[in-house]
Amino acid sequence: MTTLPIAHDYPYGLIELNPDGTIQKINPEGKRLLDFEVEGTNNIFNLIKNNDAKTNLHECFMGKKRDFFVTIDSHPYFFLFHENKENGKTEKFYLYIFNINSLQSSHDHTNWNNHLLSSVGEMAAGIAHEVRNPLTAVRGFLQLMEETASQEYYQIAQTELERAINILNDLMSVSKPEFAQEKRTTFNICRKIDSVLLLFQNQLYNIQVVKKFENEDALVVGRKDQIKKALFNLIKNAIEAMPDGGTLTIEQTDNYSEVQVNISDAGVGIPKDKVRLLGTPFFTLKQDGKGMGLAQVFNAIQSNNGNIRVTSEEGKGTTFFLSFKKMHTHSFLGGQAMIETVDSKVELSQFLFKNLDFYTQEWLQYLSRNKSYLNSVLKENGQLDDYHKNGNPIMRIVAENISEIKTEEIMDIAKERGLNSAKTDFPVHLAWELFLSSRGIIWNAIKSFYSESDTNLNMDEFFILERNVNDIIDLYLDAYTAYYINYKDELIKTHRETVDELSVPIIPLTDNVCILPIVGNVDTYRAKKIREKTLFRVKELKARRLIIDISGVPFVDTAVVNHLFKIVKGLKLLGCSTILTGIGPEIADTMIELGVEIDSELQTLSDLQQAIVYIQRQPDYKPNLVRRN
Amino acid sequence: MFRIVIENEDDVYMACSIGKKVAAEHGLNKTQQTKLVVSIMELARNIVFYAKRGEIIINDIPSYGIEIIAKDQGPGIPNLDQYIDHAFPSKKGLGLGLSGVKRLMDEFEITTAINMGTRVRAVKWIKEGQGKHNDNITYRP
């Protein structure tokens with residue numbers, strides 16, 4: 001075996017194996033994991049000491065698994081098995097071994113900045129809080145004393161105190177920001193940048209601002225004010241870095257999943273060894289800086305699932321690369337740029353409630369016009385009255401959930417209605433006709449809402465709304481159908497149990513002869529039931545002969561024959577011989593071609609009549625019938 | 001063409017009754033119907049027992065025959081020849097299923113690969129003895 005040269009700094013084990021389990025190549029981490037001293041053998045199964053891993057690996061070789069977890073030395077390991085095929089033949093196996101703990105910690109490492117921030121920030125916030133309170137008290141008393149003593153010193157003392165309190169307030173806003181309560185919303189990032197730039201208008205006279213917005217309608221998700229403040233801080237820094245003027249470039253690009261914003265200045269730049277410290281609270285390069293601005297920026301971006309990256313060159317300038325998650329269609333919440341839609345959702349909800357009766361009437365009219373059969377079924381089971389009174393249930397659900405989807409409530413309603421329909425035998429295809437027509441009427445309502453009001457939806461907004469409404473409806477349909485089917489399944493199961501009880505009718509003919517007619521398909525479950533019951537009944541009735549009549553079994557395949565043979569063998573152990581009757585010519589033909597050979601123990605006769613005649617001719621035949629007491 | 005997903009024994013009977021219907025529609029006599037249905041039953045049961053899930057496709061080829069295709073992604077059949085040519089004891093049945101189907105039907109083809117699955121194609125001719133026997137066995141170890 002050779003050590004994989006490429007794999008020196010891999011944090012995971014990689015082993016290349018031949019299909020017979022011989023190790024071809026292995027990297028150091030893999031060696032460490034296998035911990036082998038035994039040289040000479042290099043079959044992986046001889047080297048792995050952990051039995052759990054061994055059995056799992058075996059299953060991988062057999063193709064039953066592709067990955068598994070095993071705990072070795074109290075570390076969880078994830079094994080990934082990869083098969084390299086060429087021309088349909090397995091050439092090599094690759095086994096990847098990951099230590100989950102180290103994976104997690106390496107992931108944590110990339111977030112060190114975040115951690116640093118929160119720990120330092122938390123501590124600082126605690127201190128700040130403690131210090132601010134006495135300072136506030138001092139300020140109050142100073143104000144009181146102001147009337148009696150020399151003004152000048154008091155004023156100095158007060159301004160200094162004011163400054164101290166402001167610093168502390170700033171500090172607290174970084175780590176325990178007021179933004180914490182702010183709700184995540186969806187908003188237009190470009191408009192935010194524009195509004196922030198407006199604030200700097202008076203400082204922009206010697207600075208040239210270049211804006212390159214690729215997609216002005218890009219929407220991001222996050223806490224709007226927090227991000228706005230971060231943008232404010234970044235732009236402020238950029239302007240302050242260029243006291244003698246320069247170019248401030250703000251670029252915005254977006255791809256499928258992210259919106260990126262790059263803010264670059266042509267200012268003094270940041271020394272290389274200090275770039276790493278950016279974002280640490282109290283770290284500043286400015287003369288009178290507090291080291292709070294960038295700390296807030298990092299915190300804001302990271303806590304909004306964004307990413308931030310800095311490149312800087314001294315004397316040339318600094319660029320901040322920000323990226324934000326694009327609005328996710330499923331977690332649409334609305335926001336500033338979409339304020340119309342957010343409001344319109346509330347209004348839409350009200351509109352749907354207000355017009356519930358109207359649209360229900362329209363819907364019912366549609367049903368009576370186009371689905372007369374459905375209508376009569378509804379009338380019969382009283383659902384029509386319910387609709388007249390309470391409105392279309394799906395439309396009500398949409399109205400209730402459009403501004404905020406309440407999954408459990410929807411499920412509860414769906415459960416109740418689904419079970420009810422199942423109990424009243426309301427056919428599921430009719431239920432679906434109701435759903436589909438309801439969906440139609442709901443969209444009619446939504447359409448007329450938007451055409452009546454002045455709100456305009458652009459294409460994105462429309463599709464978001466579409467997802468929203470249809471998600472609600474689909475959730476309902478899904479739950480409804482699931483509960484409906486579940487109830488029916490349970491019903492079938494209980495019926496089946498009842499039928500099973502009835503399906504092994506062993507009829508005593510004389511004192512020691514019984515008949516078992518089998519009717520219907522014999523599947524594994526039923527065959528087992530028949531076998532159990534027959535053996536018990538035969539013992540109970542002390543039968544010496546059992547006639548099994550299979551004329552009621554539509555098809556006999558090898559599985560059925562197999563079950564029958566088992567019953568015959570069981571009976572023989574009880575001292576009871578079996579006569580098989582009722583094999584039709586087609587079945588006989590099929591059985592021959594199948595290759596089924598009838599045991600010589602098993603007597604076969606063409607029908608029941610012959611069997612009875614045969615039994616009567618036997619010397620041990622006792623004609624007396626079963627006594628009835 | 002009918003496609004029946006086979007996941008449990010109930011599906012086996014579903015496939016059988018569809019097979020019977022198709023066979024009757026094409027005027028197969030009672031014996032031929034039974035042979036076709038039993039073949040479907042054997043193939044479908046094999047899927048349930050060995051591959052857990054798969055599908056049966058019943059396809060009527062006008063004025064030629066009724067084609068059954070049974071497909072699964074199960075463990076495949078090792079030692080296929082033994083199963084095909086003579087009865088081989090199996091754990092779950094008589095071990096006659098596959099060889100039986102081969103005898104019951106007029107055309108029979110099987111392709112199997114270990115851990116990749118099995119595909120069986122079998123045809124019952126509408127007119128008995130209309131063509132030459134055409135058995136094919138493809139086996140990739």
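The values are calculated or read from the model by the stated rules, or taken from the named source; none is laboratory data. If you're wondering where the values come from, they're calculated on a predicted model, not measured in any experiment. Cβ: placed from backbone, ideal geometry, glycine included. Neighbour counts: every protein chain shown.
Worth pointing out:
- Which numbered condition B:Gly65 misses (of (1) crowded, with 17+ Cβ neighbours inside 10 Å; (2) modelled with pLDDT of 90 or more; (3) of a type outside the set (Val, Ile, Thr)): (2)
- Entirely in the stretch A:7-81, the helices (runs of 4 or more DSSP H) that have 2 or more residues that are modelled with pLDDT of 80 or more and in contact with a Lys or Arg (Cβ under 7 Å, 6 or more places away or on another chain): A:51-61
- Test: residue in the stretch B:32-51 that is more than 11 Å from chain A (Cβ to nearest Cβ), out of contact with any Pro (no Cβ under 6 Å at 6 or more places or on another chain) and surrounded by fewer than 23 Cβ atoms within 10 Å (Cβ to Cβ): yes
- Of all residue pairs spaced 6 or more apart or on separate chains, those with beta-carbon atoms under 9 Å, a first member in the stretch B:9-23 that is under 14 Å from B:Ile68 (Cβ atoms) and away from every other protein chain (no Cβ under 12 Å) and a second member that is part of a helix (DSSP H, G or I) and β-branched (Val, Ile, Thr) are B:Ile18/B:Ile40.
- Restricting attention to the stretch A:257-278 and to residues that are among the β-branched types (Val, Ile, Thr) and without any contact (Cβ under 8 Å) to a residue 60 or more places away in the chain, the residue that is farthest from A:Gly317 (Cα to Cα) turns out to be A:Val275.
- Some residue of the stretch A:420-434 being surrounded by 14 or more Cβ atoms within 10 Å (Cβ to Cβ), among the aromatic types (Phe, Trp, Tyr) and within 22 Å of A:Leu491 (Cβ to Cβ): yes
- Odd one out for A:Lys533, checked against (1) assigned to a helix (DSSP H, G or I); (2) farther than 28 Å from B:Ser17 by Cβ; (3) more than 14 Å from chain B (Cβ to nearest Cβ): (2)
- Subset of the stretch A:546-570 [under 30 Å from B:Asp106 (Cβ atoms) and either charged (D, E, K, R) or more than 14 Å from chain B (Cβ to nearest Cβ) (or both)]: A:Gly552, A:Asp557
- Residue check, A:Asp357 surrounded by fewer than 18 Cβ atoms within 10 Å (Cβ to Cβ), at pLDDT 85 or above and in contact with a Gly (Cβ under 8 Å, 6 or more places away or on another chain): yes
- Count of the stretch A:436-449 residues which are crowded, with 17+ Cβ neighbours inside 10 Å and either in a loop (DSSP other than H, G, I, E, B) or not polar (S, T, N, Q) (or both): 6
The rows are residues; the columns are (1) among the polar types (S, T, N, Q); (2) at pLDDT 85 or above; (3) over 30 Å from A:Pro243 (Cβ atoms); (4) loosely packed, with under 15 Cβ neighbours inside 10 Å.
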residue	(1), (2), (3), (4)
A:Ala180	no, no, yes, yes
A:Asn188	yes, no, yes, no
A:Ser195	yes, no, no, yes
A:Phe200	no, no, no, no
A:Gln203	yes, no, no, yes
A:Arg223	no, no, yes, no
A:Lys228	no, no, no, no
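- A:Asp523 being within 14 Å of chain B (Cβ to nearest Cβ) and either surrounded by 20 or more Cβ atoms within 10 Å (Cβ to Cβ) or closer than 20 Å to B:Glu42 by Cα (or both): yes
- Search result, residues across the stretch A:387-412 that are within 37 Å of the chain's Cα centre (by Cα), part of a helix (DSSP H, G or I) and more than 20 Å from A:Gly440 (Cβ to Cβ): A:Thr407, A:Glu408, A:Glu409, A:Met411, A:Asp412
- Residue match in the stretch B:96-116 (condition: more than 11 Å from every other protein chain (Cβ to nearest Cβ), more than 17 Å from A:Asp557 (Cα to Cα), part of a loop (DSSP other than H, G, I, E, B) and of a type in the set (Ser, Thr, Tyr)): no
- Restricting the search to strands (runs of 3 or more DSSP E) fully inside the stretch A:190-296 and requiring at least 2 residues that are among the charged types (D, E, K, R) gives A:207-213, A:246-254, A:258-265.
- Scope the stretch A:477-504; condition surrounded by fewer than 14 Cβ atoms within 10 Å (Cβ to Cβ) and closer than 13 Å to A:Thr534 by Cα; matching residues: A:Glu501, A:Leu502
- Residue within the stretch A:571-583 that is under 55 Å from the mean Cα position of the chain (by Cα) and either within 14 Å of another protein chain (Cβ to nearest Cβ) or among the aromatic types (Phe, Trp, Tyr) (or both) present: yes
- Condition check for A:Asp511 on (1) surrounded by 18 or more Cβ atoms within 10 Å (Cβ to Cβ); (2) assigned to a loop (DSSP other than H, G, I, E, B); (3) touching a residue at least 60 places away in the same chain (Cβ under 8 Å): one failure, at (1).
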